[in-house]
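Just so it is clear, none of the values below were taken in a lab; they were calculated from the coordinates. Computed from a predicted structure; not experimentally measured. All Cβ positions, glycine included, derive from the backbone under ideal geometry; neighbour counts span all protein chains shown.
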């Protein structure tokens, strides 16, 4: 009965299928480290990994994270930016590590240099120890 109902012209006319998403092609970065994509992988085999991929060269940094907090993510990114320089654009998904107030404060501190595609709500940030904007002085 279910097969007959799905095959009927009324069901086929009404059921147009899922809404198709519009594709948004990324512009190819002109130079390495101009645009990086960040993501979290795991837990995988008992480990959580922070993955940073350069859109131009496809260079990938994979960092094992002992704790996957926003504060730890911000610290690791500061170290990565110290090694490779600041990218012009950082693309993230909406995982808690990338939408937290600590991460928002880091991106806000670097906003004159970096475009952040995830743009979570901005937190009340203040200058922390080392001059980084933090929430409540926590790094």
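Counting beta carbons within 10 Å around each of 78, 83 and listing the fewest first gives the order 83, 78. Can you work out the FRET efficiency for the pair residue 115 and residue 61, with r the C-beta to C-beta distance and R0 = 22 Å, to the nearest 0.05? Calculated transfer efficiency: 0.65. If R0 is 35 Å, the Cβ-Cβ spacing of residue 84 and residue 45 corresponds to a FRET efficiency of close to 0.85.
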